[in-house]
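I have placed the structure first, in the form of structure tokens, so that the comments after it can refer back to it.
The values are calculated or read from the model by the stated rules, or taken from the named source; none is laboratory data. Quick caveat: nothing in here was measured; it's all calculated off a predicted structure. No Cβ is skipped: glycine too gets one built from the backbone with ideal geometry, and neighbour counts run over all protein chains shown.
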Amino acid sequence: MNRALAWCEQHLGKGSRLEQRDEYYDTAGEDLRNHDLSLRLRTVNGKTLVAMKSPRVFLTENIHDRIELEFAAADRSDVLQTIERYGLKPTAITEKVRWKFEKDDFTVMLDQLPFIGCFAEIEAPNVGRINDVVAMLGLSPSDGINKNYSELLEDKLTQLGLPLRPNLRATFSEEAKWKVV
């Protein structure tokens, strides 16, 4: 992470540091997740955003795209009341620290998550450009991961014998409690 962060700061300029808390909502039977859909409330540095995501479409083995609609919530409590009215409950709560760098036609996000470590996420207009940015970062396309953070966290929490959905809690305070490195 330190090497990638240093490279980004040197070549892409000063990025922004964001602290995020994500709350995923679903039915008791996880109907949204079973269809690769998600409804998320994200708190970023105190501001609440609502996101709805379509199923992933894999462009390559490790690169996917999806429709993601994200907008600021005018009133968090109103959003929560609507979510609860439809019987949706929080099934996963995760935290991460994100460093975001934007340049020309691409964005690099470096994420640090509890339990599973650090990752780079790249957004660009097409697969070729994503691969260009991967090369610039000194990474290999074969290093790509086709699972999302929730899936990676579930794998790790299963390995550790910790609770999964609907009680998945991957926060820095939970990580410290379990003293996982």
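Residue-wise test of (1) among the hydroxyl-bearing types (Ser, Thr, Tyr); (2) loosely packed, with under 13 Cβ neighbours inside 10 Å; (3) out of contact with any helix residue (DSSP H, G or I) (no Cβ under 7 Å at 6 or more places or on another chain).
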| site | (1), (2), (3) |
| --- | --- |
| Glu70 | no, yes, yes |
| Asp78 | no, yes, yes |
| Thr107 | yes, no, yes |
| Leu110 | no, no, no |
| Ile116 | no, no, no |
| Ala124 | no, no, no |
| Gly128 | no, yes, yes |
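Can you work out which of the residues in region 3-53 that are among the basic types (Lys, Arg) and out of contact with any Lys or Arg (no Cβ under 8 Å at 6 or more places or on another chain) is modelled with the lowest pLDDT? Filtering first and then ranking leaves Arg3.
Does region 71-82 contain any residue that is in a strand (DSSP E or B) and either within 20 Å of Leu153 (Cβ to Cβ) or not aromatic (Phe, Trp, Tyr) (or both)? Checked against the condition, which is being in a strand (DSSP E or B) and either within 20 Å of Leu153 (Cβ to Cβ) or not aromatic (Phe, Trp, Tyr) (or both), region 71-82 yields at least one hit. For region 22-48, a residue qualifies if it is surrounded by fewer than 16 Cβ atoms within 10 Å (Cβ to Cβ) and farther than 16 Å from Arg165 by Cβ, and the qualifying residues are Val44, Asn45, Gly46, Lys47.
Given the criteria among the basic types (Lys, Arg), exposed (fewer than 15 other Cβ atoms within 10 Å of the Cβ), within 17 Å of Asp22 (Cα to Cα) and without any contact (Cβ under 8 Å) to a residue 60 or more places away in the chain, does Arg85 qualify? Considered against the rule, which asks whether it is among the basic types (Lys, Arg), exposed (fewer than 15 other Cβ atoms within 10 Å of the Cβ), within 17 Å of Asp22 (Cα to Cα) and without any contact (Cβ under 8 Å) to a residue 60 or more places away in the chain, Arg85 comes out as no. When you look at Leu137, is it more than 18 Å from His11 (Cβ to Cβ) and either modelled with pLDDT of 95 or more or touching a helix residue (DSSP H, G or I) at 6+ places or on another chain (Cβ under 7 Å) (or both), yes or no? Criteria not met by Leu137.
Taken together, the criteria exclude Thr91 from residues that are out of contact with any helix residue (DSSP H, G or I) (no Cβ under 6 Å at 6 or more places or on another chain), polar (S, T, N, Q), assigned to a strand (DSSP E or B) and free of Cβ contacts under 8 Å to residues at least 60 places away in the same chain.
The single condition among (1) of a type in the set (Ser, Thr, Tyr); (2) touching a strand residue (DSSP E or B) at 6+ places or on another chain (Cβ under 8 Å); (3) in contact (Cβ under 8 Å) with a residue 24 or more places away in the chain that Thr60 does not meet is (2). Is it true that Glu95 is touching a Pro at 6+ places or on another chain (Cβ under 8 Å) and within 14 Å of Tyr24 (Cα to Cα)? The answer is yes for Glu95.
Of everything in region 20-37 that is touching a strand residue (DSSP E or B) at 6+ places or on another chain (Cβ under 6 Å) and either acidic (Asp, Glu) or touching a residue at least 60 places away in the same chain (Cβ under 8 Å) (or both), the residue that is farthest from Ser173 (Cα to Cα) is Arg33. Determine whether region 110-133 contains at least one residue that is more than 17 Å from Asp65 (Cα to Cα), in a loop (DSSP other than H, G, I, E, B), under 13 Å from the mean Cα position of the chain (by Cα) and touching a residue at least 12 places away in the same chain (Cβ under 8 Å). Yes, because at least one residue in region 110-133 is more than 17 Å from Asp65 (Cα to Cα), in a loop (DSSP other than H, G, I, E, B), under 13 Å from the mean Cα position of the chain (by Cα) and touching a residue at least 12 places away in the same chain (Cβ under 8 Å).
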